[in-house]
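J.: There's a structure below that I have some questions on.
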Amino acid sequence: MKKNGFSLIELMVIVAIIAFFIGLTLPQFLKERSNQKQPEGPQAKVSKTLEN
């Protein structure tokens, strides 16, 4: 009899590998994203002007 599909253990290993790589890359991605300067629209410029 031919076995079709994946076992639960195989699927759990794949999910663990994907989670590991996400865990490695996500902190760096968030750090780079927070270092980017946020674009200022007209509302932000008006708010800054009124604050000063």
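No value in this document is a laboratory result; all are computed from the given coordinates. Predicted, not measured: the structure shown is a model, and the values here were computed from it.
J.: Roughly how tilted is helix 42-51, in degrees to the nearest 10 and between 0 and 90, from the longest Cα axis of the chain?
T.: 50
J.: Right, another one. How far is helix 8-35 tilted off the main Cα axis of the chain, in degrees rounded to 10, range 0 to 90?
T.: 10
J.: Calculated from the structure, Cα Rg over 2.2 N^0.38 Å equals which of (1) 1.22; (2) 2.34; (3) 1.32?
T.: (2)
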